[in-house]
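Asks: Questions regarding the structure given below will be posed in turn.
What follows is calculated from the coordinates using simple rules that are stated; it is not laboratory data. Bear in mind the structure is a predicted one, so any value in this text is a computation, not a measurement.
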Amino acid sequence: MFGLSISHMILLAALALIVIGPKQLPEVARALARFINELKRMTSDVSKTIVDARHTTNESLRNHPSSQPGSTHSPVSEDEAAKKIDSPKND
């Protein structure tokens with residue numbers, strides 16, 4: 001967990017107990033747990049938004065007029081579209 005060994009975690013817990021105090025430590029731990037859960041929820045929401053945007057972009061590229069029969073342009077496959085989206089621009 002976070003690259004910490006058991007001895008490091010015990011030391012941190014002891015320091016927290018000394019600095020925060022035994023009465024406030026459970027309250028601080030609950031607040032920290034709520035913060036971590038909220039952070040996980042927010043990152044999950046952002047990840048879902050990115051995946052949805054990528055899916056929408058891929059659908060738009062598939063439905064673009066250049067991918068229709070009789071077009072002079074070559075159609076873009078889903079893999080090619082993903083590579084174009086994922087690759088950084090060389091400006």
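Asks: Starting from the Cα gyration tensor of segment 1-45, take the square roots of the eigenvalues, sort them a ≥ b ≥ c, and report rounded, prolate or oblate (rounded when a/c is under 1.5, otherwise prolate if a/b is larger than b/c, else oblate).
Replies: In terms of gyration-tensor shape, oblate.
Asks: From the Cα gyration tensor of segment 22-63, with a ≥ b ≥ c the square roots of its eigenvalues, which class applies: rounded if a/c is under 1.5, or else prolate if a/b is larger than b/c, or else oblate?
Replies: Prolate, because a/c is 1.5 or more and a/b exceeds b/c.
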